Amino acid sequence: MTGGSTEGGGGRSRRERLRADTVEEIKRAALSLIVERGAANLRFTDIARSMGMTPPALYRYFADRDELLTALVADSYDSLSDALTATRETVPPGDLNGRFVGACMAYRSWAQRNPERFALIFGSPVPGYAAPPEGPTVAAGRRAMEHMVELVADTAERGRLGSPLVPDAAEALMLAWATVHGFVTLESHGHFRTLDQHARDRLFAVQAGVAARTAGLSPAVDQW
């Protein structure tokens, strides 16, 4: 008998399930080390030590540090996209402004819950690492960033999109995202620590409204 049992594994063999579990454990260990030391200091030796493995054993799962980082970046984008999708589905389809502002809120909440993932995909470049020009990071990143594009496109198709603050629609959308991202980045680095949580929440609500107005949407008055 060959191939191993596939019982209870959705068609995968026991060996395949064990491998997948180990891959996920390696990723979790790597993220923990990134929180402690930063992505630039991520080393297979430290990951292996934290897992009770030998460094050569990790090479059975990832060719090198860069392949592991690529997997982590793709996972982080997917996590962000899933958060945006989940929030989007809680707002009625006809509430286009609410969906846009909700996406902004979800973006911030995700960054607060996943500081290590936020830093990994939006922080300083990791020395010596470059994501593949085509591959999982590109596809996952595009999927995450297309949420605002789809929301604005849906608004335009319904004839409810106003004039953006920047004439070029693509540039206006980029500026809207930068408006939200800038706030979240400053907050993640502790630059608003002199403000209490309520004040930060109010400021971000205004910022989300500014982003919506920039893209051509008109948020409700109580969102300003």
- Message: Could you work out [θ]222 nm for the chain from helices alone, using -39500 (n - 2.57) per DSSP H run of at least four and dividing by all its residues? Round to the nearest 500 deg cm²/dmol.
- Response: -22000 deg cm²/dmol
- Relative contact order [Cα under 8 Å, 6+ residues apart], segment 1-114, whole percent: 13
- Over the alpha carbons of segment 17-72, what is the largest minus smallest coordinate on each principal axis, giving the biggest first in Å? 29, 22, 16
- Task: Please give the direction-averaged projected area of the C-alpha convex hull for segment 123-224, in square nanometres with one decimal.
- Result: 8.6
- Message: For Cα pairs less than 8 Å apart in space and 6+ apart in sequence, what is the mean separation divided by the residue count of segment 133-224, i.e. the relative contact order in percent?
- Response: 36
- Task: With a length cut of 18 Å (Cα positions projected on each helix's long axis) and a Kyte-Doolittle mean of at least -1.0, go through the chain and give me the DSSP H helices that pass.
- Result: 14-37, 65-88, 96-113, 136-157, 169-188, 197-215
- Task: Using only Cα positions of the chain, each an equal point scatterer, no hydration layer, compute I(q)/I(0) via Debye at q = 0.18 Å⁻¹ and quote the log10 values to two decimals.
- Result: -1.27
- Message: Could you tell me the relative contact order of the chain? Use alpha-carbon pairs under 8 Å, at least six residues apart, and round to a whole percent.
- Response: 19
- Query: What figure in square angstrom, to the nearest 10, would you give for the accessible area of Ser124 with a 1.4 Å probe?
  - Reply: 100
- Query: With charges only on Cβ, +1 for K and R and -1 for D and E, what is the dipole size of segment 111-216 about its Cα centre, in debye, rounded to 20?
  - Reply: 260
- Message: With +1 assigned to the C-beta of every Lys and Arg and -1 to the C-beta of every Asp and Glu, and no other charges, what is the dipole magnitude of the chain about the Cα centre in debye, to the nearest 20?
- Response: 460
- Per the 1/(1 + (r/R0)^6) rule, R0 = 41 Å and r from the Cβ atoms of Ala57 and Ala170, FRET efficiency to 0.05 is 0.30
- Note on the structure: Here the FRET efficiency for Arg19 versus Ser163, based on Cβ atoms and R0 = 45 Å and rounded to 0.05, is 0.25
- Cβ-Cβ FRET estimate between Arg193 and Met105, R0 fixed at 25 Å, reported to 0.05: 0.75
- Note on the structure: Under the 7 Å Cα-to-Cβ spin-label approximation, Val91 and Ala40 lie apart by a distance in nanometres of 3.7
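The values are calculated or read from the model by the stated rules, or taken from the named source; none is laboratory data. Worth saying up front: this structure is predicted, and the values here are computed from it rather than measured. Methodologically, a virtual Cβ is constructed for each residue, glycine included, from the backbone with ideal geometry; neighbour enumeration extends over all protein chains shown. What goes into the accessible areas is simple: the full protein's heavy atoms, side chains included, and nothing from ligands, DNA or RNA. Shrake-Rupley method; radii C 1.70, N 1.55, O 1.52, S 1.80 Å.
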